[in-house]
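Notes follow the structure.
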Amino acid sequence: MTDMDRLVVDGWGKHIGIENSQIVVKARKEGGGYSVIHRCPPSNLRQLIISGKGSISTSAIESLASNGTDIILIDWRGNVKARVSPPIMRTVNTRRKQYLAYHQTTGAYLAREFVHCKMRNQIAVLGTLAKTRKDTHPEISKALKNARNTISISLERIKDTRCESCDQIRSHLLGMEGNAAASYWAVIQDMIGDEFEFQGRSGRYASDPLNAMLNYGYAVLESEAWRAIHYAGLDPYGGFLHVDRPGRPSMVLDLMEEFRQQVIDKTIFTFFSRNQVKPRQFTVEDGVCVMDDKPRKLLLSTLLSKMEEHTRYKNKKMRWTDLVLTQARKIGKFLRRETKTYKGFWSRW
């Protein structure tokens with residue numbers, strides 16, 4: 001499956017290799033052996049996503065890396081399990097500034113901006129959902145507006161937060177973020193309906209179909225944010241809002257906060273409102289709710305297509321994938337003091 005300059009290898013038994021200087025994907029045949037299902041020059045690919053059980057040759061990895069292609073492995077739970085990337089693109093100066101900023105007002109400012117943008121986008125999504133349900137589901141529309149207004153009140157408090165250092169303001173920011181998230185997901189629970197048994201965000205281990213799709217969608221967004229952070233020369237583990245933990249890409253998670261609602265949430269909510277997914281398409285394995293092939297492929301293809309779609313931001317039309325990269329580069333410029341301020345992404349619609 002391809003989308004522009006991305007290649008998604010999904011399912012079981014596929015092999016990715018090199019033939020005649022081209023990337024070749026082969027699938028097992030029922031009678032034995034392999035058949036070629038896709039081929040392309042490695043220079044055509046910006047990203048390779050492997051979702052399923054298969055294999056890739058070292059020659060293919062080397063060829064893709066030399067062409068600047070990201071290789072992302074996503075498991076059935078929606079976790080990014082591994083990432084192979086080309087060499088770092090900038091000098092160490094950006095990372096030195098990034099580490100210093102953590103203890104300065106610069107880092108605290110960024111942490112506040114990430115929360116501010118997340119709440120702004122929550123407000124926008126709830127407003128859009130309320131507007132589209134005004135005539136068909138007036139009670140739900142009213143509840144969505146009330147949740148939007150509740151978050152708007154908290155948003156005003158964000159603006160008044162003094163930027164001292166990350167450690168000094170993090171608990172305050174996360175407290176307001178948590179309150180906003182509670183209002184956001186509570187009204188989404190009313191909107192989704194009882195048949196999907198959604199009881200709010202369950203985090204890493206999905207307990208219901210909506211959480212299963214959200215986790216998988218966020219994994220796709222994470223791979224996009226990883227790429228952007230890498231090309232901006234930032235350390236993916238040196239974030240400002242998210243707490244440092246071994247193996248936790250906190251800078252990637254910070255950047256993701258600006259895009260979760262507009263890119264992932266809105267897309268997935270549309271599937272449920274249009275009855276494009278059914279409860280029977282989900283099963284519980286090892287205590288975790290997982291999607292079967294149909295909703296997973298629908299989600300993956302829709303999200304990757306969306307990343308290539310254009311959105312209007314600051315009077316410019318930009319692809320979502322370019323916008324994520326642009327924001328990461330703006331963070332780098334701000335940390336290096338090449339710009340006096342950083343404005344995160346948020347949209348009214």
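The values are calculated or read from the model by the stated rules, or taken from the named source; none is laboratory data. Note that the structure is predicted; figures quoted are calculated from it, not measured. Here the Cβ positions follow ideal geometry from the backbone for every residue, glycine too, while neighbour counts run over all protein chains shown.
Select from the range 219-236 the residues that are more than 18 Å from Glu308 (Cβ to Cβ) and in contact with a helix residue (DSSP H, G or I) (Cβ under 6 Å, 6 or more places away or on another chain) and list them in ascending order.
Once the filter is applied, which keeps residues that are more than 18 Å from Glu308 (Cβ to Cβ) and in contact with a helix residue (DSSP H, G or I) (Cβ under 6 Å, 6 or more places away or on another chain), the range 219-236 yields Ile229, Ala232, Gly233, Leu234, Asp235, Pro236.
List, please: which pairs have Cβ atoms under 8 Å, are six or more places apart or on different chains, and start with a residue in the range 134-159 that is surrounded by 16 or more Cβ atoms within 10 Å (Cβ to Cβ) and end with one that is of a type in the set (Ser, Thr, Tyr) and modelled with pLDDT of 95 or more?
Ala147/Ser183; Ala147/Tyr184; Thr150/Ser183; Ile151/Ser183; Ile151/Tyr184
If you take the residues of the range 274-321 that are in a helix (DSSP H, G or I) and of a type in the set (Asp, Glu), which of them is surrounded by the fewest Cβ atoms within 10 Å (Cβ to Cβ)?
The residue in question is Asp293.
Kindly indicate the residue of the range 51-79 that is closer than 25 Å to Lys330 by Cα and crowded, with 19+ Cβ neighbours inside 10 Å and also farthest from the chain's Cα centre (by Cα) among those meeting that condition.
Here the answer is Thr69.
Mind listing whichever residues of the range 218-242 are touching a Ser or Thr at 6+ places or on another chain (Cβ under 7 Å) and under 27 Å from Ala186 (Cα atoms)?
If the condition is that a residue be touching a Ser or Thr at 6+ places or on another chain (Cβ under 7 Å) and under 27 Å from Ala186 (Cα atoms), then His242 is the only one that fits.
Checking the condition of a type in the set (A, V, I, L, M) and free of Cβ contacts under 8 Å to residues at least 40 places away in the same chain, which residue from Leu110, Leu73, Leu126 passes?
Details: Leu110 fails: free of Cβ contacts under 8 Å to residues at least 40 places away in the same chain; Leu126 fails: free of Cβ contacts under 8 Å to residues at least 40 places away in the same chain.
Answer to the check: Leu73.
Name, by its number, the condition in (1) among the polar types (S, T, N, Q); (2) touching a Ser or Thr at 6+ places or on another chain (Cβ under 8 Å); (3) under 24 Å from Tyr102 (Cβ atoms) that does not hold for Asn211.
Here Asn211 clears every test but (3).
State whether the residues of the range 212-223 include one that is part of a helix (DSSP H, G or I), in contact (Cβ under 8 Å) with a residue 12 or more places away in the chain and more than 25 Å from Val288 (Cα to Cα). Quick ask: steps written out before the conclusion?
Step one: of the range 212-223, the residues part of a helix (DSSP H, G or I) are 212-223.
Narrowing the set further to residues that are in contact (Cβ under 8 Å) with a residue 12 or more places away in the chain leaves 212-223.
Remaining after also requiring more than 25 Å from Val288 (Cα to Cα): none.
No, that holds for no residue.
What pairs can you find where one residue is in the range 261-274 and farther than 13 Å from Asn211 by Cβ, the other is of a type in the set (Lys, Arg) and surrounded by fewer than 24 Cβ atoms within 10 Å (Cβ to Cβ), and their Cβ atoms are less than 8 Å apart, with a gap of 6+ or different chains?
These pairs meet every condition: Val263/Lys306; Thr267/Lys306.
Report every pair of residues separated by at least 6 positions or lying on different chains whose Cβ atoms are under 6 Å apart, first residue within the range 5-19 and under 16 Å from Val220 (Cβ atoms), second of a type outside the set (Ser, Thr, Tyr) and at pLDDT below 80.
Listed pairs, sorted by first residue: Val8/Met1; Asp10/Gly52.
Test each condition in (1) out of contact with any Lys or Arg (no Cβ under 6 Å at 6 or more places or on another chain); (2) part of a loop (DSSP other than H, G, I, E, B) for Gly233 and report the one that comes out false.
With (1) out of contact with any Lys or Arg (no Cβ under 6 Å at 6 or more places or on another chain); (2) part of a loop (DSSP other than H, G, I, E, B) applied to Gly233, the lone miss is (1).
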